[in-house]
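Only one structure is covered here, and it is reproduced in the block below.
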Amino acid sequence: DQQVKQNSPSLSVQEGRISILNCDYTNSMFDYFLWYKKYPAEGPTFLISISSIKDKNEDGRFTVFLNKSAKHLSLHIVPSQPGDSAVYFCAASADYGQNFVFGPGTRLSVLP
Amino acid sequence: DSGVTQTPKHLITATGQRVTLRCSPRSGDLSVYWYQQSLDQGLQFLIQYYNGEERAKGNILERFSAQQFPDLHSELNLSSLELGDSALYFCASSPRPSYNEQFFGPGTRLTVL
């Protein structure tokens, strides 16, 4: 039973355009969400987070949107750059930072 | 470079064997987490330690065990290995539990033949 789902295994976007990565969750107790980026042969690195008291958090080119009623969050990257090509993991926690449940990841390819 | 180190980088062994994976957290981090990533799967949380004590347990098999030592490094022991245990094993650390992000090491790739 996957509590965190990323239904698109891969996504290709043209450089300069917007990348939208989606994540759905089933556990209504999740109250904290993160996005991680992973390059090949490296561990995941933290990108951006959002708590359930907010519906949007922005950090430079990265914005995360949370729709609690739909149990859906999305990561927007604008403008997309070739260096953004990586696997993006969505993660959720019901314990504010403990016991994160990760999605399977979406591989983003930004084409020059 | 996250500051988290993991050794070895690669490990190839046979079914039925036992291996130990090692993790050194970032300087000053007291909490260590272990994750397993199988092919095309997300990261599965295995176990968390905080300052030497087990803090939380995830989907960790009974054949697996871990500990965190007084110098805060951690070891993950995998025994009676099966083919399905082949995966990437990541260690992560954070200053304390409930910190809003974890810092991941580069992982250990375990191949069981």
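The values are calculated or read from the model by the stated rules, or taken from the named source; none is laboratory data. In this text, all values refer to a predicted model and were calculated from it rather than measured experimentally. Please note: Cβ atoms are built from the backbone with ideal geometry, for glycine as well, and neighbour counts cover all protein chains shown.
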Quick one: count up the residues across the stretch B:62-113 that are modelled with pLDDT of 95 or more, within 22 Å of A:Ile48 (Cβ to Cβ) and over 15 Å from the mean Cα position of the chain (by Cα). 0
(1) more than 30 Å from B:Gln6 (Cα to Cα); (2) away from every other protein chain (no Cβ under 13 Å); (3) in contact (Cβ under 8 Å) with a residue 12 or more places away in the chain; (4) not small (Gly, Ala, Ser) all hold for A:Leu108 apart from (1)
Starting from residues that are crowded, with 19+ Cβ neighbours inside 10 Å and more than 13 Å from A:Thr45 (Cβ to Cβ), keep the ones in the stretch B:94-113 and report whichever is nearest to the other protein chains (Cβ to nearest Cβ). B:Pro97
With respect to B:Gly42, is the statement that it is within 14 Å of another protein chain (Cβ to nearest Cβ), more than 28 Å from A:Gln2 (Cβ to Cβ) and at pLDDT below 95 true? no
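Yes/no per residue for (1) polar (S, T, N, Q); (2) on the phi < 0 side of the Ramachandran plot; (3) touching a Cys at 6+ places or on another chain (Cβ under 7 Å):
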| residue | (1), (2), (3) |
| --- | --- |
| B:Leu21 | no, yes, no |
| B:Ile60 | no, yes, no |
| B:Gln67 | yes, yes, no |
| B:Pro70 | no, yes, no |
| B:Asn77 | yes, yes, no |
| B:Cys91 | no, yes, yes |
Do the conditions hold for A:Phe65, that is, is it over 29 Å from B:Tyr89 (Cβ atoms), among the aromatic types (Phe, Trp, Tyr) and either surrounded by 14 or more Cβ atoms within 10 Å (Cβ to Cβ) or at the interface with another protein chain (Cβ under 10 Å from one of its Cβ atoms) (or both)? yes
What is the residue count in the stretch A:37-57 for residues that are part of a strand (DSSP E or B) and more than 8 Å from chain B (Cβ to nearest Cβ)? 8
